1. Excluding same-chain residues fewer than 8 positions from LYS387, which lysines have a Cα within less than 27 Å of its Cα?
2. Determine the dipole magnitude for the chain: charges of +1 sit on the beta-carbon of Lys and Arg, -1 on that of Asp and Glu, nothing else is charged, the reference point is the Cα centre, and the result goes in debye to the nearest 20.
3. Amide H of ALA171 versus every other amide H placed in the peptide plane: which residues, excluding those fewer than 5 positions away on the same chain, fall under 5 Å?
4. With point charges of +1 on the Cβ of Lys and Arg and -1 on the Cβ of Asp and Glu, referenced to the Cα centre of the stretch 240-386, which listed residue (HIS248, TYR267, CYS331) lies farthest in the positive direction of the dipole?
5. With N residues in the chain, what two-decimal value do you get for its Cα radius of gyration over 2.2 N^0.38 Å?
6. Net charge around TYR323, counting only other residues with Cβ within less than 10 Å of its Cβ (Lys, Arg = +1; Asp, Glu = -1)?
7. Roughly how many debye, to the nearest 20, is the charge dipole of the stretch 14-122 about its Cα centre, given +1 on each Lys and Arg Cβ, -1 on each Asp and Glu Cβ, and no other charges?
8. Where nothing but the Cβ of Lys and Arg (+1) and of Asp and Glu (-1) is charged, how large is the charge dipole of the stretch 127-236 around its Cα centre, in debye to the nearest 20?
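Readers should treat all values here as calculations from the given coordinates under stated rules, not as data from a laboratory. Owing to the predicted nature of the structure, the values given are computational and were not obtained by experimental measurement. Ideal geometry is used to build each Cβ from the backbone, glycine not excepted, and the neighbour counts take in all protein chains shown.
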Amino acid sequence: MSLTESPAQYALTEQQRDFQEVIRDVVAARIAPRAAEIDATGEFPEDVRGVLADQGFLGLPFDERHGGTGTGALMLCVAIEEIAKACASSALILAVQDLGTLPVRLDGSPELQDEVLPRFASGDWLAAFALSEPEAGSDPGAMRTRAEPRDGGWVLNGTKNWISNAGVAGAYSVFAVSDPSLPPSKGITAFLVEADSPGFAVASLEHKMGMRGSPTGQLTFDDVFVPDARVIGRPGDGFKVAMRTLDHSRLGIAAQALGIAQGATDYAAAYASERTAFGRPINELQAIAFKLADMETQTAAGRELLYRAAAKADAGERDLGKYSAMAKLFCSDTAMAVTTEAVQVLGGYGYVTEYPVERMMRDAKLTQIYEGTNEIQRLVIGRSLRKC
């Protein structure tokens, strides 16, 4: 069977659709009413974190044996999408809980998994993923953070940049050069660093255009000791751990982008059915009707690609990397295009903060940048084609 002829099935089951309805109800009652305020204040929504924990949504990335739901990548993407329709910052809490724990779930020792994953699944700890640096964003091979072996562990020194959940995470998956004499593919090691580790600090937080309710900051490591038991995988395998993680975690960002796009489409469609011009609702005007048709079509196409990619993750199929890159690329580009059109449909009202589509447009932009820029996604996809 060729890589393009996959048996992955991605239609939602009745049980999954029921769960989706539960998520929608919670979002409508507890998260959507807070979305504008979260964006306006730029503060991390601890109340929303509590809702996600209390409802068991933070357990979606985890197996049942670690206190999670055991429902897989597809259901996780459905949940992120539903939350992002109302509030992208709130959806990012769940997406980063997935991202930050994936290194441990994919490559951590059974002992490490059993010790820490229940704390993440319950929401006691939030997670973060610390790969990027001031001079090493899309090029992790240029990282300068160092890990030196010491008796019983390692000592970390360096700086990480653009880290989501900075200051609110209980533990961070951190990547550092452990042997600078080797190429990055063999000289980087992954560590789980707890937030209260001596020498660890959140040096600063960014002021951002969008996703304002999700803290993004710079981390510093000043002789931070990490015991051997907190090494994720084997020393020297950190680059592979990071790449495997990103193959899976891009699905969450694609789901977030898809939710933003669908939320903007739904709002613009409802607005166009009530707003009148030239004596009739503007959704009867061809110029507006065509915009809405394209928005809905692009969003639906993104959902098909995302759900197929998520099903591949659940099935363990080997072309997941290509499909997750395509899903992230297409859904984030769609989110940017659709939210821009949503602002246009609302006209002047779309440009003011009283209406949510301008927030959605600002939020959408970041989905084209983080978890690997869309330029990097195109490189990943192109590289996969050379292997066919």
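1. Cross-link targets: LYS186, LYS240, LYS312, LYS322, LYS328.
2. With Lys and Arg at +1 and Asp and Glu at -1, about 1020 debye.
3. Distant-sequence amide H within range of ALA171: LEU126, ALA128, ALA195.
4. Farthest towards the positive pole: HIS248.
5. Expressed relative to 2.2 N^0.38 Å, the Cα Rg reads 0.99.
6. +2
7. My answer is approximately 140 debye.
8. In total the dipole reaches around 280 debye.
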